[in-house]
Structure formats: structure tokens, C-alpha cells
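> Mind having a look at this structure? Questions to follow.
The values are calculated or read from the model by the stated rules, or taken from the named source; none is laboratory data. Values in this document were obtained by computation on a predicted structure and should not be read as measured data. In this analysis, Cβ positions are derived from the backbone assuming ideal geometry, glycine residues included, and neighbour counts consider all displayed protein chains.
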């Protein structure tokens, strides 16, 4: 039987989908990229925003219309956080939560008698990290490795603690084994990811912290680059920065989730830092790492955000000079504290603020890309030259493309290039 996989949301979800695909392939199921050819659909959901939920419903309607007799599996954060709503989705034959290890068995169970299955386990305090390790697939040049799950921060706007449960961490020995296998499979770059990555190790009770995992991965032969996914700024200590600064393989690109450049809004969000503390962290990182790039997320139109609050965010973004910003409008999530907040901002105002912030961030982005012209950098090439360009990224995640001169592929290769210009959201370069 053939399975079509669709993943919404973060890199953790993508990692878990890859793990599920590998398990089901081992049981004889084939993977298809053609929806019309699929016997089974596995939909791994995200529920960070209402838009994610809407897109999921649209996909389910499309599947039902295209393949009414296919088996549809709904899994992930949406059914875990909103069980009642998920159960009402009659298009789904199998519904599970954010724990996915039972899906192969549930598919087998369903195929026996075609009876609908709803099996969502509640998260519990002290539950173990779900053991999973992905094997080299040869499909990508960089491997995402999930080392942490869950969140106990309870930001007032966020449903994720309810969808993912309490923090839990992958043991260092398991990380070491998985990275070694990926290195043997030819991967040169590793991205460590988690729901709240900086909480790594807090549940292990032995003093292990994120920096220990980073050092473990950097010590693996064959791995050339180690990158960190999104991090909470208040959880990075001076000692962490000093130890990270000694790791040559660690990429100097840090995604520090900001959410707002206004202290009043940060307090309403229950974020655990101030703008001044965030500013100081950026300064320390840029002082420690040459070619340091700082990227972030910003939420626009949170409940109670005034025009002046938003103006403070604009000023803070300009001051920090983020090399790239993910901007999204706030959407009310049922079950969160902010659902009951007054001062909800209209959709029209949110969209206006999004466009204004996008214009500011776009200008900063173009200035950053232009500042690279004339520099010699090392690029790990990732994509085939279907459009006549070799494409890849520098260590600080600057996108670079080089005009192809022959029929050969540079995929998985690292090369030194000289940046010659900017084309859209990418730097152009020539081979040295």
C-alpha cells in the first residue's frame, strides 16, 4: 500500500514524520508524492495558529474529495490540544495525538475491520522522551535531530504546552549514536531541534544542559556544521556563550524568539525577559562570534497592543538589525490565558502592522545581503541546478547561488566562493 505524508508546522514535526515514514517503510508500505496514487494519508498537524487548523481542514476536504476510500490518519498537536474538535472530523479514520509511535499498529488494526479509531493519550508529568532515531535517507544535505520535547513556559498566547506536554530530553548517549549514524550516511550538517530547545536536560536530573548536547554533536567525526533551531533568549547563560564560542563547527546563526519589542507586551505574553536583556544577549553573541547572524519571530497585534507598543517594536527591530524576521499576526487560541484578555486587535489593524513591519525587515534584509558583496565564504551546496544555479548556504545561513558552468552536481559539497551581488533573497557568487 502507498502512503502520502503531509506535515504542517515546525522542524520537530518534520523529524517525527520522517521517523514514522521510516518505520512504515520497514513494514512494507511505500511512499508516494502523488495524492491520487495514495491508499493511506498521514497528516501530521500543527496548531500554533488558527490558520494552521484551517489549512488542515482544507487538506482533509481535498483528500476526501479526491480519494473517498483512502485511509486518513490525523495526528500531531491539533488533535492532542483540541480532542473534541478532532473527533468531529468525520473525514479521519484514525486520530492520534502528538505521540506517534503507535500509528503503524493502528493502521494495521484499522485495515482489519475498517472501524474508526480515536486514540489520544494524555501527557503526564515525568513521562519519558519518546525514543526515536532517524537513519540516513540521502534525500537532504542537512539532518534535523530532535533532542527535546515539551514546554513548561506557558506563554499566555500559546497552546503548545497543552499539545506537547512537559519538558523531556533525549539522553546524550542516544544523541551520540544517532549523529554518528548520520555522519556515516554522508550528512555534513546537523540541526538540533526541540519544542523548547534551551530546556534540554532540565528533566534528566544530572546537570546536563543544551551546551553538553551541542559539544557532543560537534565532537562527531564527519560532521562539519552544527546549527541550533529556535531558542528562548532568557535561557542562554554567559557560560553557555563562552563554551559555544570555542566550538568551530557551531554555526554563528542564532534564532532567538523575540515576539515583541515592547516590555509591556512581553509581560502580557508571560515572556521571561525584557528588551534590555534581549539586547544584551545579542551584543554578547555578536562579540563572541564573527559573522554572527541573529534571526527571530515577531507576533503582531497581540491582545492590548497599542499603536505606540507596535512603534516600540519597530524601533527595537531597527536597533537590533535582525538579519531575518518571521512575522505573523496573533490569533486567539482557545484554552490559553490570552483568550480572555481584553483589547483584542482587529484583523485590519493586524494586517496593516504586518505589512509595515515586513517593509522594515525587508530593507534590513537587503542591506545585510548587500554587506556580503566582496567577501569570500564557504558554502555547503544543497540543491541541484534545475534553474541553472547551484544553491547553498554559508555557516551563518546566508543563501548563496552560483551560476552552473557544467553538467556536474555540487550537492553535498562545500566550496569557497566570492560574493558578487544580490538577487532577491539570495547572494550571487563566483567560484574561487
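> Looking only at the range 129-145, decide whether some residue is surrounded by fewer than 20 Cβ atoms within 10 Å (Cβ to Cβ), free of Cβ contacts under 8 Å to residues at least 24 places away in the same chain and under 25 Å from residue 226 (Cβ atoms).
Yes, the range 129-145 has at least one match.
> Separate question: Tell me, please, whether a residue that is in contact with a strand residue (DSSP E or B) (Cβ under 6 Å, 6 or more places away or on another chain), more than 20 Å from residue 149 (Cβ to Cβ) and surrounded by fewer than 20 Cβ atoms within 10 Å (Cβ to Cβ) can be found in the range 95-105.
no
> Output yes when any residue across the range 1-16 is part of a loop (DSSP other than H, G, I, E, B), touching a residue at least 24 places away in the same chain (Cβ under 8 Å), within 20 Å of residue 83 (Cβ to Cβ) and in contact with a strand residue (DSSP E or B) (Cβ under 8 Å, 6 or more places away or on another chain), and no when none is.
Scanning the range 1-16 turns up at least one residue that is part of a loop (DSSP other than H, G, I, E, B), touching a residue at least 24 places away in the same chain (Cβ under 8 Å), within 20 Å of residue 83 (Cβ to Cβ) and in contact with a strand residue (DSSP E or B) (Cβ under 8 Å, 6 or more places away or on another chain).
> Continuing with the same structure: Need the failing condition index for residue 190 against (1) buried (at least 22 other Cβ atoms within 10 Å of the Cβ); (2) under 23 Å from residue 75 (Cβ atoms), just the number.
Looking at each condition in turn, residue 190 falls short on (2).
> Quick check, is residue 160 crowded, with 16+ Cβ neighbours inside 10 Å, farther than 28 Å from residue 141 by Cβ and touching a residue at least 12 places away in the same chain (Cβ under 8 Å)? Can you show your working first?
Values: crowded, with 16+ Cβ neighbours inside 10 Å: yes; farther than 28 Å from residue 141 by Cβ: yes; touching a residue at least 12 places away in the same chain (Cβ under 8 Å): yes.
So residue 160 fits the description; yes.
Conditions (1) closer than 22 Å to residue 141 by Cβ; (2) touching a strand residue (DSSP E or B) at 6+ places or on another chain (Cβ under 9 Å); (3) exposed (fewer than 15 other Cβ atoms within 10 Å of the Cβ); (4) modelled with pLDDT of 95 or more, marked per residue:
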{"site": "368", "(1), (2), (3), (4)": "no, yes, no, yes"}
{"site": "377", "(1), (2), (3), (4)": "yes, yes, no, yes"}
{"site": "389", "(1), (2), (3), (4)": "yes, yes, no, no"}
{"site": "404", "(1), (2), (3), (4)": "yes, yes, no, no"}
{"site": "409", "(1), (2), (3), (4)": "yes, yes, yes, no"}
{"site": "413", "(1), (2), (3), (4)": "yes, yes, no, no"}
{"site": "416", "(1), (2), (3), (4)": "yes, yes, yes, yes"}
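> Does residue 382 satisfy the criteria of being under 22 Å from residue 54 (Cβ atoms), touching a residue at least 24 places away in the same chain (Cβ under 8 Å) and either buried (at least 16 other Cβ atoms within 10 Å of the Cβ) or under 23 Å from the mean Cα position of the chain (by Cα) (or both)?
When the stated conditions are applied, residue 382 does not pass them.
> Can you confirm whether residue 221 is over 21 Å from the mean Cα position of the chain (by Cα) and assigned to a helix (DSSP H, G or I)?
no
> So if I check each of 287, 297, which one is at pLDDT 95 or above, outside the structural domain of residue 399 (by TED's automatic domain parsing) and more than 30 Å from residue 220 (Cα to Cα)?
Selected residue: 297, the only one of 287, 297 that is at pLDDT 95 or above, outside the structural domain of residue 399 (by TED's automatic domain parsing) and more than 30 Å from residue 220 (Cα to Cα).
> May I pose another question? Kindly establish whether residue 243 is more than 18 Å from the chain's Cα centre (by Cα) and either modelled with pLDDT of 95 or more or over 23 Å from residue 382 (Cα atoms) (or both). Break it down stepwise before answering.
Details: more than 18 Å from the chain's Cα centre (by Cα): yes; either modelled with pLDDT of 95 or more or over 23 Å from residue 382 (Cα atoms) (or both): yes.
Criteria met by residue 243.
> A further question on this structure: Kindly establish whether residue 40 is over 30 Å from residue 157 (Cβ atoms), in contact (Cβ under 8 Å) with a residue 12 or more places away in the chain and touching a helix residue (DSSP H, G or I) at 6+ places or on another chain (Cβ under 7 Å).
yes
> Got at least one residue in the range 169-185 being surrounded by fewer than 22 Cβ atoms within 10 Å (Cβ to Cβ) and within 22 Å of residue 293 (Cα to Cα)?
No; the residues of the range 169-185 include none that is surrounded by fewer than 22 Cβ atoms within 10 Å (Cβ to Cβ) and within 22 Å of residue 293 (Cα to Cα).
> Another question, if that's okay. Considering only the range 286-311, how many residues are under 24 Å from the mean Cα position of the chain (by Cα) and either buried (at least 19 other Cβ atoms within 10 Å of the Cβ) or not in a helix (DSSP H, G or I) (or both)?
13
> Collect the residues in the range 21-43 that are within 23 Å of the chain's Cα centre (by Cα) and assigned to a helix (DSSP H, G or I), keeping them in residue-number order.
Correct list: 21, 22, 23.
> Let me ask another. Taking the range 403-423, which residues are closer than 20 Å to residue 251 by Cβ, free of Cβ contacts under 8 Å to residues at least 60 places away in the same chain and assigned to a strand (DSSP E or B)? Working first, answer last.
Just the residues of the range 403-423 that are closer than 20 Å to residue 251 by Cβ, to begin with: 410-417, 419.
Keeping just the survivors that are free of Cβ contacts under 8 Å to residues at least 60 places away in the same chain gives 410, 413, 415-417, 419.
Residues satisfying the conditions are 415, 416, 417, 419.
> Which is assigned by TED's automatic domain parsing to the domain that holds residue 163 and touching a residue at least 60 places away in the same chain (Cβ under 8 Å), of 253, 363?
253
> Okay, moving on. Restrict the check to the range 109-126 and report whether at least one residue is out of contact with any strand residue (DSSP E or B) (no Cβ under 8 Å at 6 or more places or on another chain), closer than 19 Å to residue 58 by Cβ and either in contact (Cβ under 8 Å) with a residue 60 or more places away in the chain or in a loop (DSSP other than H, G, I, E, B) (or both).
The answer is no, given that none of the residues of the range 109-126 is out of contact with any strand residue (DSSP E or B) (no Cβ under 8 Å at 6 or more places or on another chain), closer than 19 Å to residue 58 by Cβ and either in contact (Cβ under 8 Å) with a residue 60 or more places away in the chain or in a loop (DSSP other than H, G, I, E, B) (or both).
Condition check ((1) at pLDDT 95 or above; (2) in a loop (DSSP other than H, G, I, E, B); (3) more than 30 Å from residue 83 (Cα to Cα); (4) in contact with a strand residue (DSSP E or B) (Cβ under 8 Å, 6 or more places away or on another chain)) across all residues:
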site: 143; (1), (2), (3), (4): no, no, yes, yes
site: 154; (1), (2), (3), (4): yes, yes, no, no
site: 192; (1), (2), (3), (4): yes, no, no, yes
site: 217; (1), (2), (3), (4): yes, no, yes, yes
